[in-house]
Protein chains: 2
Amino acid sequence: MILTVTLNTALDVTYRVPRLLPHASHRVSDVAERPGGKGLNVARVLAALGHEVTATGFAGGRTGAVVRELLARSPGVSDALVPCAGTTRRTLAVVDTASGDTTQFNEPGPLITAPEWSAFLARYDALLAGAGAVALCGSLPPGVPVGAYAVLVRAARAAGVPVLLDTGGEALRRGVAARPEVIKPNAAELAELTGSRDPLPATRDARRRGARAVVASLGPAGLLAATPEGVWRAAPPHPLAGNPTGAGDSAVAGLLSALAEGLDWPARLTRAVALSAATVLAPVAGEFDPRTYEEVRGSVKVTAV
Amino acid sequence: MILTVTLNTALDVTYRVPRLLPHASHRVSDVAERPGGKGLNVARVLAALGHEVTATGFAGGRTGAVVRELLARSPGVSDALVPCAGTTRRTLAVVDTASGDTTQFNEPGPLITAPEWSAFLARYDALLAGAGAVALCGSLPPGVPVGAYAVLVRAARAAGVPVLLDTGGEALRRGVAARPEVIKPNAAELAELTGSRDPLPATRDARRRGARAVVASLGPAGLLAATPEGVWRAAPPHPLAGNPTGAGDSAVAGLLSALAEGLDWPARLTRAVALSAATVLAPVAGEFDPRTYEEVRGSVKVTAV
């Protein structure tokens, strides 16, 4: 089983409007809702790839109940979310159907109390016993200690479970020092962590800070991976036009899926890039298109640096 | 008891953001939710004025459950909403805290089935028996016949209950022909009904179309009322700066409250204008400030035309 952790789960709501005009009134033509937060997106992709997946983190209030209800309908994802008294946030994406551009509104997350955090830690420790790999994903809700990911990385290492950390800012800085197996920063997160805007020295710097491997997601340029086995760039055969929402989460699912299957780094990167591409090209934001995935897989370029 | 009808109820959600920028990501600093749809706003103001109020219309799905839960906490409003299988819409107001401007997103309403419409009509007829006045407010959700308000006006007249109709477009055109006691169009609705942008001839035209009295709400210019007893203008003593959200609903509550108490037209208009003003000046959009109401009441100018 692969375990995904989403401390700040969300209900992702998408509105489609003909054209977004500030200070005007808009008739929403279409409303879509799905469970969100990076770790739940990763869980959904892993399940679609055929893995057994358990999702933990917090869910609370009316929105939390909706997240759990929708999760129950996602085939292959076991719900191990821990209840909290606060209300799970909504994120709203307003898609302008004329331009395809998205305007995003993120509600604040629920305040997590100390007893809730303790209840989560106990649940996490119990789940690690059955996990083959774990992904720690996204932001921390208010109340969770800023060193939370360092605690979770150490617990996974102690249980002998490889751990991938995908977060940013101070949560990443603290987490990386606890020596996770993989981190997957984007360009901005990597620059913030290392102080360098040049990805190659920055990935090496991030390894020195404690990550065993660093996979930087560089948007259209694909992935740059610095690992104990070598340094690689991996990219789709040609630039892709589409919606990048969720592409990073699909890359995380690809890396973790291939790691859990014991594949080598070039194969892990190929899977991650193909899943990202299939997400960018999917008609629904954040979903991935299995046919595109199969097509792109054969043509991903992985080059040793 | 005063009965308010809201066929297209809503959960009104308000987001506050520092500044709205299209195609950017926004951190929402504050989320507020309350029962919405014009008739529920009218009910809340009537209850605050001390009237016994019953609210009917449709509520369904998760959002409908939230509307009913919040309504149960509104003192003085009895919930007589009829369940529907579709999901009650949300309306989202994004308030830009820098400028105070609001950007509005309205979800589509639930599809009402023929059996649900019949169930509503039976409930409405039963409620009319105990009603001293009725307000029919707002848009029609999909599936409700466009002549719905004409049916509801006729049933109220048959039961001897005075009825105020506050809607627009074809629903107003059909409804007015059934001879309601009062209609309260805004300037745009009145122009659409009559084809005239000049409020004085337009209110007279609207009376000829079937309304016993027409009270046009003209924004900062106040109210223009054409009634069997005379024609009046009513306005606050000086222009008001504030948020006009809900000012029209407060005017409806004022008219209906004074009508139910048997007051004459100048007194009805005074109350409507004072409540509108107290809503524009209230710190929270759509609420009214009782102190401002008492203050403005004494200085509303009602002039015979």
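Descriptive notes on the structure:
- Scan of segment B:227-244 for residues that are surrounded by fewer than 15 Cβ atoms within 10 Å (Cβ to Cβ) and among the hydrophobic types (A, V, I, L, M, F, W, C), ordered by number: B:Ala241
- Those helices (runs of 4 or more DSSP H) lying entirely in segment B:223-305 with at least 1 residues within 23 Å of B:Thr4 (Cα to Cα) and among the polar types (S, T, N, Q): B:247-260, B:265-280
- B:Ala247 being of a type in the set (Gly, Ala, Ser), crowded, with 23+ Cβ neighbours inside 10 Å, closer than 22 Å to B:Ala47 by Cβ and touching a strand residue (DSSP E or B) at 6+ places or on another chain (Cβ under 6 Å): no
- Selected residue (criterion: surrounded by the fewest Cβ atoms within 10 Å (Cβ to Cβ)) from residues of segment A:160-197 that are among the polar types (S, T, N, Q) and within 19 Å of A:Ala247 (Cβ to Cβ): A:Asn186
- Taking the conditions (1) within 25 Å of A:Pro283 (Cα to Cα); (2) touching an Asp or Glu at 6+ places or on another chain (Cβ under 8 Å); (3) away from chain B (no Cβ under 14 Å) in turn, A:Glu33 satisfies each one other than (3).
- Residue, farthest from the chain's Cα centre (by Cα), within segment A:132-143, restricted to residues that are buried (at least 22 other Cβ atoms within 10 Å of the Cβ) and outside any strand (DSSP E or B): A:Pro141
- Residues in segment A:60-98 that are more than 25 Å from A:Gly143 (Cβ to Cβ) and either assigned to a strand (DSSP E or B) or free of Cβ contacts under 8 Å to residues at least 24 places away in the same chain (or both): A:Ala72, A:Arg73, A:Val77, A:Ser78, A:Ala93, A:Val94, A:Val95, A:Asp96.
- Residue check, B:Val214 closer than 26 Å to B:Gly160 by Cα and either among the polar types (S, T, N, Q) or part of a strand (DSSP E or B) (or both): yes
- Among residues of segment A:76-96, those that are aliphatic (A, V, I, L, M), more than 14 Å from chain B (Cβ to nearest Cβ) and within 29 Å of A:Leu255 (Cα to Cα), counted: 4
- The requirement of being in a strand (DSSP E or B) and either in contact (Cβ under 8 Å) with a residue 12 or more places away in the chain or more than 10 Å from every other protein chain (Cβ to nearest Cβ) (or both) is fulfilled nowhere in segment A:44-51; no residue meets it.
- Residue that is surrounded by the most Cβ atoms within 10 Å (Cβ to Cβ) [pool: residues in segment B:1-29 that are at pLDDT below 95 and among the polar types (S, T, N, Q)]: B:Thr14
- Count of residues meeting criterion [over 29 Å from the mean Cα position of the chain (by Cα) and either under 16 Å from A:Ala24 (Cα atoms) or assigned to a loop (DSSP other than H, G, I, E, B) (or both)] in segment B:10-28: 6
- Qualifying residue in segment B:58-65 (condition: surrounded by 16 or more Cβ atoms within 10 Å (Cβ to Cβ), aromatic (Phe, Trp, Tyr) and within 14 Å of chain A (Cβ to nearest Cβ)): no
- Condition check for A:Leu40: more than 14 Å from chain B (Cβ to nearest Cβ) and crowded, with 24+ Cβ neighbours inside 10 Å: yes
- Top-ranked residue of segment B:97-113 - restricted to ones that are more than 11 Å from every other protein chain (Cβ to nearest Cβ) and farther than 18 Å from A:His26 by Cα, ranked as modelled with the lowest pLDDT: B:Ala98
- Taking the listed residues B:Ser78, B:Ser118, B:Ser74, the one that is at pLDDT below 95 and either of a type outside the set (A, V, I, L, M, F, W, C) or within 15 Å of the chain's Cα centre (by Cα) (or both) is B:Ser74, with no other qualifying.
- Residue in segment A:146-163 that is aliphatic (A, V, I, L, M), under 30 Å from B:Val95 (Cβ atoms) and not in a helix (DSSP H, G or I) present: no
- All of A:Val231, A:Val273, A:Val214, A:Val280 fail the test of being closer than 27 Å to A:Thr103 by Cα and at pLDDT 95 or above, apart from A:Val273.
- Matching option when the condition is surrounded by fewer than 16 Cβ atoms within 10 Å (Cβ to Cβ) and touching a residue at least 40 places away in the same chain (Cβ under 8 Å), among B:Leu255, B:Leu224, B:Leu200: B:Leu200
- Only one of A:Thr102, A:Thr113, A:Thr97 that is of a type in the set (Ser, Thr, Tyr), at negative phi and crowded, with 17+ Cβ neighbours inside 10 Å: A:Thr102
The values are calculated or read from the model by the stated rules, or taken from the named source; none is laboratory data. In this text the structure is predicted, and so the values were computed from the model without any measurement. So basically every Cβ, Gly included, is an ideal-geometry build from the backbone, and we count neighbours across all protein chains shown.
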